[in-house]
Every structure is written in C-alpha cells, then in structure tokens.
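Shown next, in structure tokens, is the structure this report addresses.
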C-alpha cells in the first residue's frame with residue numbers, strides 16, 4: 001500500500017487527478033530550487049520525483065511525470081530556471097527529463113511490490129533508482145552530443161553523486177515520516 005492510498009482509501013478519480021496535478025506542481029517548484037552547474041543544474045527535482053513515486057505508487061507516480069513533461073513540452077515554465085519548451089527537452093538535460101518518468105515509476109513500483117517498507121529499505125530503493133537515472137541521463141548526451149565517458153563522468157555524473165545520495169535519503173525520511181505521522185494519528 002502506498003502512503004497516498006493510506007491517506008485516501010476510497011480514492012476517487014477527482015482525487016487522483018488532483019494528486020497528479022499537485023505532484024506535477026511539486027516537481028515544477030522543486031525544479032526552481034537550482035544550483036547552477038555546467039552542463040546541467042543541480043535541482044531538487046529528483047527529491048520531489050522520488051517523493052511522488054514513493055508516496056503515489058507506480059501508476060500515479062508515472063502519470064504525474066507524464067503530466068509534468070507534457071506541461072514543459074507545451075511551454076509552461078516547469079523545468080529548471082523556468083524553462084519549458086520541447087526544444088529545451090531535446091537539449092543537454094533531455095535524457096534526465098525522460099529518465100524522470102522511469103524514476104517515478106520504479107520508485108512507485110518498489111512501493112507497490114512491498115520493497116520499500118521502512119526507512120532503510122526505502123532509502124535503498126531511492127538510492128538505486130537515483131543511480132539508474134544516470135543511464136538515460138548519460139546516454140542522451142553521449143548519443144546526441146557525442147560526449148565521451150571521461151567527460152560524462154567528470155562533468156555530468158561525479159559532481160552530482162553526493163547530492164543525489166542525500167536527496168534519496170531525504171526522500172526516504174519524508175516518506176517514512178509521513179507513515180509515522182499517519183500511524184500516530186490512527187493510534
């Protein structure tokens with residue numbers, strides 16, 4: 001069971017729509033908290049995406065990211081630095097943007113299948129899913145921009161590893177804390 005289903009056991013279609021829209025807004029706001037880095041900025045997007053996936057499950061988490069990416073493709077300023085166009089999605093961050101969908105789905109799938117049931121297992125899931133984001137994130141610039149592995153490691157991966165690990169643990173803390181608050185309220 002996901003945290004969202006525990007909060008809303010009889011989840012109506014309207015509740016699901018509002019959760020998806022709220023989740024996409026949450027990710028968009030997190031994208032605006034940005035540390036400028038070259039070639040891609042470090043944002044809180046991945047923290048928000050992990051929280052979305054870990055609280056909503058695979059289906060609603062992935063749907064939330066589809067909506068978020070569609071908002072950006074339509075020109076809404078939802079990406080880092082207020083960017084939002086289809087052309088931006090084809091730029092250096094394109095692989096990460098597409099990978100965000102997989103990130104939410106995989107985090108949610110782990111919850112749906114019972115692999116993330118406490119702080120330690122949720123942290124482990126969040127760390128693995130965060131690491132897997134680098135596959136599309138690095139394949140994109142390698143294929144589209146001709147970047148080599150040494151450049152990808154030096155500029156696209158190694159500067160972000162510690163931050164991504166911290167964000168994964170923070171996501172696990174938020175979700176575990178949410179469960180603790182819910183259990184305490186129910187007695």
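None of the figures in this text is laboratory data; all of them are computed from the coordinates on show. The structure displayed is predicted, hence computed values, not measured ones. Every residue, glycine among them, receives a Cβ derived from its backbone with ideal geometry; neighbour counts consider all protein chains shown.
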Per-residue Cβ neighbour rank within 10 angstrom, fewest leading, 112, 150: 150, 112
Once you've got the GNM for the chain with C-alpha springs shorter than 10 Å, pick whichever of 115, 96, 26 has the biggest mean-square fluctuation. 115
For the chain, what does the helix formula give at 222 nm: sum of -39500 (n - 2.57) over DSSP H segments with n ≥ 4, over the residue count, nearest 500 deg cm²/dmol? -22500 deg cm²/dmol
A correct fewest-to-most ranking of 88, 68 by other Cβ atoms within 10 Å would be 88, 68
Extended-chain gain in nm, criterion 0.36 nm per residue less alpha-carbon gap, residue 70 and residue 14: 18.2 nm
Averaging sequence separations of C-alpha pairs under 8 Å and six or more residues apart, then dividing by the length of the chain, give the relative contact order as a whole percent. 24
Using alpha-carbon positions, what is the distance between the centroids of the range 127-187 and the range 1-29, in Å? 22
Can you tell which of 67, 20, 151 shows the greatest fluctuation in a Gaussian network model of the chain with Cα springs below 10 Å? 151
Checking 46, 15, 63 against a Gaussian network model of the chain (alpha-carbon springs below 10 Å), the top fluctuating residue turns out to be 15
